[in-house]
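Coordinate-derived values only; no laboratory data. No experiment lies behind these values; they were computed from the predicted model shown. Cβ coordinates were reconstructed from backbone atoms using ideal geometry, including for glycine residues, and neighbour counts include every protein chain displayed.
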Amino acid sequence: MTRNRLGAKPEFRSYAWPVMAEELTEEERRMLRDALLKLQSELDAQLVGLADGVRPVDLDEPIGRLSRMDAMQQQKMAEASRRAARKRYDRVVAAIAAHKRNAYGDCLHCEEPIGYKRLRARPETALCLSCQTAKEKQQR
Ligand SMILES: [Zn+2]
């Protein structure tokens, strides 16, 4: 651990963040960035796996009793989860980009802090709870 002349640990330096209760701390910001990067590689792997499911049925693979309807249904489901994973992946990439710009953690709509609890549950979240709720009401 390196210490400056005054003997204080460098991480206790004060930062010029706006005084807001829900603003992320440096530690939270770092943990969420790690969570985003982990999520990105997980989704990446998931998308590769799901892409296999979307391909037409393999001729070498015995189809057995699985009917054509079942195969089509399975393909539809694979396509839907691939699309959902793709969407989430795009949001994760956007969140990582925002993190690099130092704009991460603020609501895209109202620019208020989203809050650590919400971000910890879904690190790629771009909207605060009230903006998200308003958006979902609009879509209904
Ligand atoms: Zn908002």
If you filter the stretch 96-140 for GluC sites (Glu not before Pro), then keep DSSP loop positions with at most 13 other Cβ within 10 Å, what is left? Glu111
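With an 8 Å Cα cut-off and a minimum separation of 6 or more residues, compute the relative contact order for the stretch 75-124 in percent. All intermediate terms of the calculation are to be shown ahead of the outcome.
Numbers: 21 pairs, mean separation 15.9, N = 50.
It comes to 32 percent, rounded to a whole number.
Subtract the Cα-Cα distance of Lys117 and Lys38 from 0.36 nm times their separation in residues, and report this length gain in nm to one decimal. Display every interim value, and only then the final one.
Details: separation 79, 0.36 × 79 = 28.44 nm, distance 1.80 nm.
Between Lys117 and Lys38, full extension yields 26.6 nm more.
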Within the stretch 71-106, the residues whose backbone N lies under 15 Å from a label point placed 7 Å from the Cα of Ala51 along the Cα-to-Cβ direction are 79, 82-83, 85-87, 89-90
For the stretch 84-140, what is the Kirkwood hydrodynamic radius in Å, using each pair of distinct C-alpha atoms? 11.7
